[in-house]
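Attaching a single structure in structure tokens format; questions to follow.
The values are calculated or read from the model by the stated rules, or taken from the named source; none is laboratory data. Because the structure is predicted, anything quoted here is derived from the model rather than measured. A quick note on method: Cβ atoms are made from the backbone with ideal geometry, for glycine too, and the neighbour counts reach across all protein chains shown. In case anyone asks, the SASA skips ligands and DNA or RNA and just uses the protein heavy atoms, side chains included. Shrake-Rupley method; radii C 1.70, N 1.55, O 1.52, S 1.80 Å.
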Amino acid sequence: MDFGRVFQEALPMLLDGLWLTVRVSVISIAIGMIIGLFMCLMKMSKNVVLRAIAGVYIWIIRGTPMLVQALMIFFGLPQLIQLTINPDFRLDAFTAGIITLSLNAGAYLAEIYRGGIMAVPKGQSEAARSLGLSQGMTMLKVVLPQAIKFSIPSLVNQFIITIKDTSILSVIGMAEIVNKAKTYVGSTYVYFATYAVVALMYLLIISILMLVSSYIEKKLKYEAKRGKRHRDEH
Amino acid sequence: MKRREVRDTVTNINKENKKVVVTNLHKYFDDNEVLTGIDATIYEGEVVCVIGPSGSGKSTFLRCLNKLEDATSGEIIIDGFDITDKKMNINKVRENIGMVFQQFNLFQNMTVIKNIMMAPVTLKKMTKEEARKKAMELLGRVGLADKADSYPGELSGGQQQRVAIARALAMSPDIMLFDEPTSALDPEMVGEVLDVMKELAAEGMTMIVVTHEMGFAREVSDRVLFMADGIICEQGTPEEVFGNPRNERTQDFLRKVL
């Protein structure tokens, strides 16, 4: 079934693609987490303008396919800038891909954070405010650390989606796994074995991520249990 | 020295220093008027218990005093600062008002000692070393020095509430607010929390305590406020209010709870 051939001929380029996929995923998730945090805080703020900006951002990103967003950012946006501001403007696929993925992850992460923040009992922030902490400090010291903990399962889920979504960036010519695989099968027609190896590569990264997250969750659960057992003894 | 002279040595009350002055306080939740015109003055060193049926607005009144609830109208002066003034920096005023909640509200993401150290360190009132020293002192006072490195979830309700009192005291407040501090506790743990509060009262802390513990109100308070339907119906010394209630609502309430 040509697996031997794929390993021999295509593995180096597929590993190149895998490495790019990992890099793009990590960078985009990191930026997306920051965008998401700001958007979440904006959406929960008392300021109407901030709330509206975050609302529109989340609405547009969630309401359009990522494929369209990628095409828009890679082809559409540079054209718009060339026509209006700077005729020499260029955007490479790597940058466009990271922008697309971060914006996309940011919108979903904003909602995940918001869910986490709302899950923190109101008494926690009231206690902090009653001691004289500002709203910002209360968020930073008391609410967010707990909100992140509540959000871990959904966060991991979003990380997995973002990793898989890198494959969509093949359409703008980013040389990630799928793009490399397409190039290889284009000249060799070894479809099954090549795409099977591609699938296994995704499975590998995501399995590692899931192992790490289940370890973290188990640890948190253990701590919670430890607390409960102590309470029961008293 | 001057303060000492005007201080009543038995009750610690200093009538020269008004800690809390509330004038015609009204509070609405949407269309529902919860506080319908409260006037109260609380003096330095005074221990005031607020009693009354549930839904009478006791907790709302207390929460208005550190602006966890915004007053709809009226004036609240704490230590000379008008906290109903929008320009007032409420965070600064709150540093001087400790609060203890029914549900303890210890920070779940921190150990006991971090719970106590957090505010003094964050608000730059103390260095970490000073805060740790003070926290250990306070934990000793509430009898929980051995629990410094436990998480709140590992403590019993009574222990958690004692830590919560220590946490509030770490900011060295002038006034302490207690919002039904023993209502969420198993009966056998009520005593340990009340004992800490009694000690605090004996040391001269200004305390406002919303409570259903009539025994505590009778024994410890200098003055009892009875609230119903959003106003203070009756107030006086515990002997007056419990021994000889004049208001019909008070008589009715006391008949039910005593």
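At 222 nm, what value in deg cm²/dmol follows for chain A if DSSP H runs of at least 4 each add -39500 (n - 2.57) and the sum is divided by all its residues, to the nearest 500?
On the way: 11 runs with 188 residues, N = 234.
Mean residue ellipticity at 222 nm (helix-derived): -27000 deg cm²/dmol.
Still on this structure, I have one more. Note down the accessible area of A:M210, probe 1.4 Å, to the nearest 10 Å².
Its accessible surface works out to 100 Å², give or take rounding.
In nm, give the distance between the simple-model label positions of A:V171 and A:I152, each being 7 Å from the Cα along the Cα-to-Cβ direction.
Label-label distance for A:V171 and A:I152, simple model: 3.6 nm.
Tell me, what are the semi-axes, in whole angstrom and largest first, of the equivalent ellipsoid of chain B as set by the roots of 5 times the Cα gyration tensor eigenvalues?
Numbers: eigenvalues 166, 91, 73 Å².
In descending order the semi-axes read 29, 21, 19 Å.
What is the sum of charges around B:S221, taking Lys and Arg as +1, Asp and Glu as -1, for the other residues whose C-beta is under 13 Å from the C-beta of B:S221?
Numbers: positive: B:K198, B:R218, B:R223; negative: B:E46, B:E213, B:E219, B:D222, B:E239, B:E240.
That sum, taken over residues with Cβ under 13 Å, equals -3.
At R0 = 22 Å, how high is the FRET efficiency between B:E239 and B:K198 if r is their beta carbon distance? Nearest 0.05 is fine.
Working: r = 18 Å, r/R0 = 0.82.
After rounding, the FRET efficiency stands at 0.75.
Report B:L169's accessible area, 1.4 Å probe, all protein chains in place, as a number in Å² to the nearest 10.
Roughly 20 Å² of B:L169 is accessible to a 1.4 Å probe.
With a 1.4 Å probe and all protein chains kept in place, how do A:K221, B:K147, A:K46 rank by accessible area, largest first?
Values: A:K221 140, B:K147 40, A:K46 170 Å².
From most exposed to least exposed: A:K46, A:K221, B:K147.
Next question. Is there a quick way to get the dipole size of the protein assembly as shown? I mean about its Cα centre, with the Cβ of Lys and Arg at +1 and of Asp and Glu at -1; what is the value in debye to the nearest 20?
It comes to approximately 1300 debye.
For the stretch B:88-218, what is Rg from Cα atoms divided by 2.2 N^0.38 Å, rounded to two decimals? Can you show the working numbers first?
Details: Rg = 14.0 Å, N = 131, 2.2 N^0.38 = 14.0 Å.
Relative to the 2.2 N^0.38 Å estimate, the stretch B:88-218 comes out at 1.00.
Distances over 27 Å make up what percent of all Cα-Cα pairs in chain A? Write out the running numbers ahead of the final one.
On the way: 13371 of 27261 pairs.
The answer is 49 percent, as a whole percent.
Using a 1.4 angstrom probe with every protein chain in place, what is the largest-first accessible-area order of B:D149, B:D79, B:D195, B:D31? Please list the in-between numbers first.
On the way: B:D149 120, B:D79 50, B:D195 85, B:D31 150 Å².
Most to least solvent-accessible, the answer reads B:D31, B:D149, B:D195, B:D79.
Report, as an integer, the average count of C-beta atoms from other chains found within 10 Å of each Cβ along B:94-106. Let's see the in-between values first.
Details: counts 5, 4, 1, 3, 3, 5, 2, 4, 1, 6, 2, 10, 3.
Partner Cβ neighbours, averaged per residue: 4.
Now for a separate question. For the protein assembly as shown, what proportion of DSSP beta bridges, expressed in % and rounded to the nearest 5, is antiparallel?
Numbers: 22 of 39 bridges.
Restricted to the protein assembly as shown, the bridges split so that about 55 percent are antiparallel.
May I ask you to derive the FRET efficiency for B:T36 and A:K218 from their Cβ-Cβ distance with R0 = 41 Å, giving the value to the nearest 0.05?
Efficiency, from the Cβ-Cβ distance: 0.15.
Taking R0 as 51 Å, what's the FRET efficiency between A:S45 and B:E248 from their Cβ-Cβ distance, rounded to 0.05? List each step's numbers first, then the result.
Working: r = 48 Å, r/R0 = 0.95.
Efficiency computed from Cβ-Cβ geometry: 0.60.
By how many degrees, 0 to 90 and rounded to 10, does the Cα axis of helix A:48-63 deviate from the longest principal axis of chain A?
Around 40 degrees separate the two axes.
Another question, if that's okay. Which residue, chosen from A:G173, A:M210, A:V143, occupies the Cα position most advanced towards the positive end of the dipole of the stretch A:104-234, where the dipole is computed from +1 (Lys, Arg) and -1 (Asp, Glu) charges on Cβ about the Cα centre?
Checked the options; the winner is A:V143.
So in chain B, what percent of DSSP beta bridges are antiparallel if you round to the nearest 5? The partial results should precede the final answer.
Details: 22 of 39 bridges.
Here the antiparallel bridges make up roughly 55 percent for chain B.
Can you give the extra length, in nm with one decimal, that the chain gains between B:E16 and B:L258 once fully stretched, where that is 0.36 nm per residue apart less the Cα-Cα distance?
83.6 nm
Another question, then. Go through B:F226, B:F61, B:S156 and say which Cα lies farthest out towards the positive end of the charge dipole of the protein assembly as shown; charges sit on Cβ, +1 for Lys and Arg, -1 for Asp and Glu.
Going by the charge dipole, the pick is B:S156.
Once you put a point 7 Å from the Cα of A:I161 and another 7 Å from the Cα of A:E9, both along the Cβ direction, what distance in nm separates them?
Result: 3.8 nm between the two label points.
With angles folded into 0 to 90 degrees, how steeply does helix A:93-119 sit against the dominant principal axis of chain A? Use alpha carbons for both and round to 10.
Value to nearest ten degrees: 30.
Here's a follow-up. Counting only the heavy atoms of the protein chains, how much of A:K219 is accessible to a 1.4 Å probe, in Å² to the nearest 10?
110
How much accessible area per residue does the protein assembly as shown have, counting only protein heavy atoms and a probe of 1.4 Å, in square angstrom? Can you show the working numbers first?
Numbers: 24310 Å² over 492 residues.
I get 49 Å² per residue for this part.
Rounded to two decimal places and with Rh computed the Kirkwood way over Cα pairs, what is Rg over Rh for the stretch B:1-121?
Details: Rg = 16.5 Å, Rh = 16.4 Å.
Rg/Rh for the stretch B:1-121 comes to 1.01.
Relative to the first principal axis of the alpha-carbon coordinates of chain B, what is the inclination of helix B:187-202, with its axis defined by its Cα atoms, in degrees from 0 to 90 and to the nearest 10?
Once rounded, one gets 90 degrees.
Hey, another quick one. Tell me the mean residue ellipticity at 222 nm calculated for chain B from its helices only (DSSP H runs of n ≥ 4, each -39500 (n - 2.57), averaged over every residue, nearest 500). Write out the running numbers ahead of the final one.
Numbers: 9 runs with 88 residues, N = 258.
When only DSSP H runs of four or more count, the value is -10000 deg cm²/dmol.
Dipole size in debye (nearest 20) for chain A around its Cα centre, Lys and Arg Cβ +1, Asp and Glu Cβ -1? Numbers along the way, then the final one.
Values: 23 positive and 13 negative charges, 229 e Å.
The calculation lands at about 1100 debye.
For A:L200 and A:K182 in one chain, what is 0.36 nm times their gap in residues minus the Cα-Cα distance, to one decimal in nm?
That works out to 4.9 nm of additional length.
Taking the Kirkwood radius as the inverse of the mean 1/r across Cα pairs, report the Rg/Rh of the stretch A:1-87. Spell out each step's value before the answer.
Working: Rg = 19.6 Å, Rh = 16.6 Å.
Here Rg/Rh amounts to 1.18.
Could you put B:E234, B:E137, B:E75, B:E16 in order of accessible surface area, largest first, with the 1.4 Å probe and the full protein assembly present? It would help to have the intermediate numbers written out before the result.
On the way: B:E234 15, B:E137 115, B:E75 75, B:E16 145 Å².
Largest accessible area first, the residues go B:E16, B:E137, B:E75, B:E234.
What share of Cα pairs, in percent, lie more than 43 angstrom apart in the protein assembly as shown? Working shown, then result.
Details: 43883 of 120786 pairs.
Of all Cα-Cα distances in the protein assembly as shown, 36 percent exceed 43 Å.
Give me the percent of Cα-Cα pairs in the stretch B:110-170 that sit more than 13 Å apart, rounded to a whole number. Mind showing how you got there, number by number?
Values: 956 of 1830 pairs.
Of all Cα-Cα distances in the stretch B:110-170, 52 percent exceed 13 Å.
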